[in-house]
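Have a look at the structure below before the remarks.
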Amino acid sequence: MARTNGAAATNGTQVTFLEAIKQAMFEEMERDPTVVLLGEDVGVYGGAFKTSEGLLERFGWERVIDTPISESAIIGAACGMSYLGLRPICEMQFIDFIVCAFNQITNFVAKGHYLWNAPAPMVIRGPSGGGVHGGPFHSANPEMYFVHTPGLKVIYPSTPYDAKGLLKAAVRDNNPVLFFEHKFLYRRIKGEVPSGDYTVPIGKAVVRREGRHLTILSYAAMMHTALEASDALAKEGIEAEVIDLHTLLPLDEETILNSVKKTNKCLVVHEDTKTGGIAGEIAAILFEKAFQDLDGPLVRVTSLDTPVPYAPTLEEYFLPNAKKVFSAAKELARY
Amino acid sequence: MKKELTRQQYLDLYYYMRLNRAVEDTMVKLFRQNKIVGGLYSSLGQEAISVGTSYALEKKDWLAPMIRNIGALLVKGVPPRDIFMQHMAKYDSPTKGKDGTSHFGDLDNLHIVSPISMLGDLIPVMVGVAMAGRYLGQKIVAMTWIGDGGSSTGVFHEGLNFAATQKAPFVLVLENNLWAYSTPVGRQVPLENLADRAKAYGIESYIVDGNDVVAVYSAAKEAVERARAGEGPILIEAKTFRRLGHAQHDPAEYVPKEMRSYWEARDPITLHEKFLTSEKLLDAGGKKEIEQKLDTLLASEREFAENSPLPPGELAETGVYCTGDECHKIRAKWERPIAEVTPPKSSVAAVWTIPGFGSGKGSGGANAPIHFGDTQTAVGKPASEAKSANDGKPVAKVAVKAAAKKTAKTARATASRKARR
Ligand SMILES: Cc1ncc(C[n+]2csc(CCOP(=O)(O)OP(=O)(O)O)c2C)c(N)n1
Ligand SMILES: [Mg+2]
């Protein structure tokens, strides 16, 4: 069965994941003067990963703001800016540092609309994830801290097409959106993006590969691992339906349930650690809403419940990979 | 130095302090009748700070109150009923019962940002408000308050430092009431004057007698004007005393008696009233008139509040997300030509650019490693050479250094020595 990348990609160009993000910011800033970018080294240097290269030169120092190393101040100030109708994008130099601003995000930014009717249209984005030997403080997947916070939206894309379209949608959304960019994908993944303006709807999962024997749910870098495993499974006659969640909050329950009702089996792959990962939430949803449809246990292939270790051998052991997904899926298919 | 005010201004300051106290007195009654849902905090004896500082703002300016700044809300135009209903968790309260106390705001009309309980968090948020106002050309000033205790938080530092680097039109009022719950200021901050913290950010600060409303107003007015003129953020330390416990539940037995009686003799309302009487700005008749006006106002406001129902339970489920334009039309109010911040006009060379640095050259660029973008060896000029082109300093438009002008040291003179413990 054919894979789909979710894109109506015609007349587009092949760009890296990183380039897609850069394009999204560039185009949104070009389109809307209320969009500003603030973060550490985003201006002169163009960002630690060069995601904002050229933006300062194009949009000037009032819109591309190099900040002190003060994550709480970055988030807090962006929130204040949003109250006057701006749509700030905050860059966390590495997403690991987002927890330094945890209070600003979860208590200030997330609660404003509910409590006092104050929307905070802002995006918080930054490089996340492991597999690049960044060690315990430069490899985090902190998405679930925020998925547990009503008032936020949480996005974690896997393709250049989605990264660009979702980031644009995030900028235009009236709510605070967290946008995680898996740094492993930055320059390793290329994909087609259309030449014109487009957005990808937040909260809508995408079926990457159709199948009937089991459903594999994943997102971000592990999406590619899941697809790799599904190719191997196909060779053994196991047809996995692979779904890219890409928005974790709000979660697209409908797409998940529709697929599991068809395949009757579900495996979740995520790079986040196991306990408290999104797989647990998905298990609960399936128990509540698809209990009768399940022909097997929900299977989780995740990282270990440890900090992300540094040594390549340790990290490799720590992370899920296609082999682990393959054997878990094979076992589940046989169940 | 205190400013000369008009008769009306002197009387306004008096009226708002009386209103502040009367609103809080009413809430104490409501509290004793069990009509207030949560805790009740008091600004007894600190009214001159809330009123004097907020009175220095213009209508378009933004403020964010802390829990003891009911007076600032009143000056900004919040009706007392809203404050009563917030405390009573009523359906008609600004947050419809979703939050209490001074935790509410008004983006569209009054320009008030709601506080949250976490101390200090308002500081960076109001810095953002100030920056956005400047960006949109609105010429606004943003103001918020912090306690002596709250000035120990990390966000206080992050926020003020960021404000300073950005020269944001921001005024921070530090209410040093000598206590942070049961902890005396000396164990919060090892400084005689908390205003000294401003030195660390290279910004201007004033010290003012927080129980002298005219002095507070004068300092605030000067600070607001300077911030508006682009001189950068200013910190005002107002020396005062928390006359009651941390909240209603706290008898504050840890406060030395002499300290309390010293400050009770320096009640800001009594002091200002004495001044008004001696200057023949207020007589017994005038005072009576104000009191009657307050009585009538608060009786009807209280009645309205008491008659409002509690919110229906189902309300709890609503409003977590903004659902789009039909929920909120988000529009920035531009008061400068947008062309100034859009290409081609905005696409100036970066003000910070120094030769041999930035624009990706020698800093990795497309070939940067997958993580740490800066681990490659730089090509191009050695740093020493690049430096000399510009005295080694980036030419920042948002210069960090505070303006050298020291004109408004004046307010400092009014700081009563005795006001310190
Ligand atoms: C970050 C944070 N930690 C603890 C508290 C609990 N708390 C509320 S008020 C307070 C004391 C505040 O003292 P100060 O800042 O001097 O203000 P004051 O009460 O004197 O007005 C404390 C510890 C809080 N609200 N926020
Ligand atoms: Mg205090």
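The values are calculated or read from the model by the stated rules, or taken from the named source; none is laboratory data. The structure displayed is predicted, hence computed values, not measured ones. A quick note on method: Cβ atoms are made from the backbone with ideal geometry, for glycine too, and the neighbour counts reach across all protein chains shown. Heads up: the accessible areas ignore ligands, DNA and RNA and are worked out on the full protein's heavy atoms, side chains in. Shrake-Rupley method; radii C 1.70, N 1.55, O 1.52, S 1.80 Å.
Debye-formula intensities of the range B:202-328, expressed as log10 I(q)/I(0) at q = 0.13 Å⁻¹, are -1.02 (one equal scatterer per alpha-carbon, no solvent). Here is the P(r) of the protein assembly as shown: all C-alpha pair distances, binned every 20 Å from 0, give 16, 44, 30, 10, 1 in whole percents. By a 1.4 Å probe calculation restricted to protein chains, A:Met222 has an accessible surface near 10 Å², given to the nearest 10.
Charging the Cβ of each Asp and Glu at -1 and of each Lys and Arg at +1, and nothing else, the dipole of the range B:7-317 about its Cα centre rounds to 200 debye. If you take all C-alpha pairs in chain A, what percent of them are over 37 Å apart? Above the 37 Å cut-off, chain A has 15 percent of its Cα pairs. Interface between chains B and A: roughly 5800 Å² of accessible area buried, both sides summed (probe 1.4 Å, protein heavy atoms only). Counting only heavy atoms of the protein chains and using a 1.4 Å probe, A:His133 has close to 80 Å² of accessible surface. If you roll a 1.4 Å probe over the range A:206-334 with all protein chains in place, what percent of the accessible area is carbon or sulfur? Roughly 53 percent, rounded to a whole number.
Which value, in Å², gives the accessible area per residue of the protein assembly as shown when a 1.4 Å probe is used on the protein heavy atoms? Result: 40 Å² of accessible area for each residue.
For the range A:240-335, the convex hull spanned by the alpha carbon atoms encloses 101 Å³ per residue.
Quick one: grab the alpha carbon gyration tensor of the range B:7-317, order the square roots of its eigenvalues as a ≥ b ≥ c, and give me rounded if a/c is under 1.5, else prolate or oblate depending on whether a/b is larger than b/c. Mind dumping the intermediate values first?
On the way: a/c = 1.33, a/b = 1.16, b/c = 1.14.
Rounded, since a/c falls under 1.5.
At each listed q (0.18, 0.22, 0.23, 0.31 Å⁻¹), what is the log10 of I(q)/I(0) that the Debye formula gives for the range A:248-299 modelled as equal alpha-carbon point scatterers? Cα-only, vacuum Debye calculation for the range A:248-299: -0.53, -0.79, -0.86, -1.38.
Restricting the count to DSSP beta bridges whose residues both fall in the protein assembly as shown, what percent are antiparallel, rounded to a multiple of 5? Display every interim value, and only then the final one.
Working: 13 of 68 bridges.
Counting only bridges with both partners in the protein assembly as shown, antiparallel ones make up about 20 percent.
This model, with +1 at the C-beta of Lys and Arg and -1 at the C-beta of Asp and Glu, gives chain A a dipole about its Cα centre of some 540 debye.
The simple spin-label model puts a point 7 Å past each Cα toward its Cβ; for B:Asp92 and B:Thr277 those points are separated by 3.8 nm. Taking a point 7 Å from the Cα of A:Glu236 along the Cα-to-Cβ direction, the residues of the range A:295-335 with backbone N closer than 12 Å to it are A:323-335.
The trypsin sites (Lys or Arg not before Pro) found in the range B:240-336 that occupy coil by DSSP, while having at most 16 further C-beta atoms within 10 Å, are B:Lys280, B:Lys329, B:Arg331, B:Lys333.
Summary of the geometry: the range A:260-321 and the range A:132-209, compared by the centres of their Cα atoms, lie 19 Å apart. The GluC sites (Glu not before Pro) of the range B:1-73 meeting both criteria, a DSSP state outside H, G, I, E and B (loop) and at most 12 other C-beta atoms within 10 angstrom of the site's C-beta, are B:Glu4, B:Glu58. Of A:Tyr317, A:Tyr114, the order by accessible heavy-atom surface (1.4 Å probe, DNA, RNA and ligands excluded), from most exposed downward, is A:Tyr317, A:Tyr114.
Of the residues A:Lys204, A:Lys289, A:Lys111, the one that moves most in a GNM of chain A with alpha-carbon contacts below 10 Å is A:Lys289.
List, in the order given, every pair from B:Lys59/B:Lys167; A:Lys168/B:Lys60; B:Lys35/B:Lys274; A:Lys168/B:Lys98; A:Lys168/B:Lys345 whose Cα-Cα distance in the structure shown is over 27 Å.
A:Lys168/B:Lys60; B:Lys35/B:Lys274; A:Lys168/B:Lys98
Estimated at the nearest 10 Å², the accessible area of A:Trp61 is 50 Å² with a 1.4 Å probe. Burial of accessible area (probe 1.4 Å, heavy atoms of protein chains only) in the range A:105-123, relative to its chain alone, reaches at least 30 Å² for A:Asn107, A:Phe108, A:His113, A:Tyr114, A:Leu115, A:Trp116, A:Pro119. What is the range A:14-193 by shape, rounded, prolate or oblate, if you read a ≥ b ≥ c off the alpha carbon gyration tensor as root eigenvalues and call it rounded for a/c under 1.5, prolate for a/b larger than b/c, and oblate otherwise? The shape class here is rounded.
Looking at this model, which pairs from B:Lys239/B:Lys280; A:Lys50/B:Lys333; B:Lys3/B:Lys293; A:Lys153/A:Lys204; A:Lys274/A:Lys324 are more than 20 angstrom apart at the alpha-carbon? Display every interim value, and only then the final one.
Details: B:Lys239/B:Lys280 28 Å; A:Lys50/B:Lys333 32 Å; B:Lys3/B:Lys293 28 Å; A:Lys153/A:Lys204 12 Å; A:Lys274/A:Lys324 14 Å.
Pairs exceeding the cut-off: B:Lys239/B:Lys280; A:Lys50/B:Lys333; B:Lys3/B:Lys293.
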